[in-house]
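The values are calculated or read from the model by the stated rules, or taken from the named source; none is laboratory data. Computed from a predicted structure; not experimentally measured. Every residue, glycine among them, receives a Cβ derived from its backbone with ideal geometry; neighbour counts consider all protein chains shown.
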């Protein structure tokens, strides 16, 4: 981006209200009435000084420094990563011979310079990016996982297994991110196994116990409320649900049934106290609550139950016997046998 220090453009007056025109987000707008006057396009390099001054010392170019989740630094890139046609500092294309020279340098040395002395971290962060994409994690979780990984590495110096450590960092960062679809250790380990890495829940827990002392804060345990939206969506989007609604004679669309199921689940969660929940796994308990909500809806509207334990198990990847155990021993005595 080109930044002109001149403030002449900031002193223009709005013809509508007479207010000052300022530049924000590539637009020239009036700061009083908000009228957009025109778009303001800039060149694709960043310059500190006035770009009309000639001479090699009149411009200063900068590039991205080292990012948390990527091994790179100032001066290690020639243009953008996928750029095929290179330009000089004035934006003019280089001659064919220079294109060939710098293209060869870019291809042969850019990768080496970027990861020199950081080969392990580069490999780990590549894995982090793949897992983040596979699990559809947001950018904050990815960056926080990279930050936690670097922090532990700085404190420890040498770790047992870098792959299992980044798996724990993903889990820790996901727990710190308050959103409606937290992920479990089992899901993280399965994602790593899909990419050929021998990571299991035991290794993730081992690293958590060993390295959590460097993180300084205790994480807040998740509740069933955190999982309810995600698991409900998985159940509603199951391929057999629509046929089940027709088979059981329920005259609701999938969306209407989703709304009823969601309201009933919220009611059950509100009634369940912390004492009732005890030390139960909130993820498994959520699956059992969905099954209970289905039973309560059928009872209230004098309908047949639509969901089965097998269908919920298949949709949520929760073991069928776990759903049955939570339902029979905890939920049924509280809500059905009243």
With respect to the numbered conditions (1) in contact (Cβ under 8 Å) with a residue 40 or more places away in the chain; (2) in contact with a helix residue (DSSP H, G or I) (Cβ under 7 Å, 6 or more places away or on another chain); (3) under 21 Å from residue 184 (Cα atoms), which one is the sole condition not fulfilled by residue 314?
(2)
Consider residue 300 carefully, then state whether it is exposed (fewer than 12 other Cβ atoms within 10 Å of the Cβ), in contact (Cβ under 8 Å) with a residue 40 or more places away in the chain, under 19 Å from residue 331 (Cα atoms) and out of contact with any helix residue (DSSP H, G or I) (no Cβ under 6 Å at 6 or more places or on another chain).
no
So which residues in the stretch 221-264 are outside any helix (DSSP H, G or I), free of Cβ contacts under 8 Å to residues at least 60 places away in the same chain and closer than 28 Å to residue 280 by Cα?
223
Any idea which of (1) buried (at least 18 other Cβ atoms within 10 Å of the Cβ); (2) modelled with pLDDT of 90 or more; (3) under 21 Å from residue 184 (Cα atoms) is the one residue 227 doesn't satisfy?
(2)
Cβ pairs under 7 Å, 6+ apart or interchain, first in the stretch 106-123 and closer than 14 Å to residue 79 by Cα, second modelled with pLDDT of 60 or more, ordered by first then second residue, are 106/78; 110/77; 110/78
Consider residue 299 against the criteria (1) over 31 Å from the mean Cα position of the chain (by Cα); (2) over 16 Å from residue 249 (Cβ atoms): it satisfies all of them except one. Which criterion is unmet?
(2)
For residue 209, are the conditions met, namely being assigned to a helix (DSSP H, G or I) and without any contact (Cβ under 8 Å) to a residue 60 or more places away in the chain?
yes
Exactly one condition in (1) farther than 28 Å from residue 187 by Cα; (2) in contact (Cβ under 8 Å) with a residue 60 or more places away in the chain is false for residue 283; which is it?
(1)
Is it true that some residue in the stretch 317-327 is surrounded by fewer than 16 Cβ atoms within 10 Å (Cβ to Cβ), assigned by TED's automatic domain parsing to the domain that holds residue 233 and over 36 Å from the mean Cα position of the chain (by Cα)?
no
Within the stretch 187-197, the residues that are under 25 Å from residue 225 (Cβ atoms) and in contact (Cβ under 8 Å) with a residue 40 or more places away in the chain are 187, 188, 191
The residue that is nearest to residue 289 (Cα to Cα), considering only those in the stretch 265-276 that are assigned to a helix (DSSP H, G or I) and over 29 Å from the mean Cα position of the chain (by Cα), is 268
Pick from 186, 237, 140: which is under 29 Å from residue 320 (Cα atoms) and not assigned by TED's automatic domain parsing to the domain that holds residue 262?
186
The stretch 154-172, residues that are part of a helix (DSSP H, G or I) and more than 17 Å from residue 203 (Cβ to Cβ):
154, 155
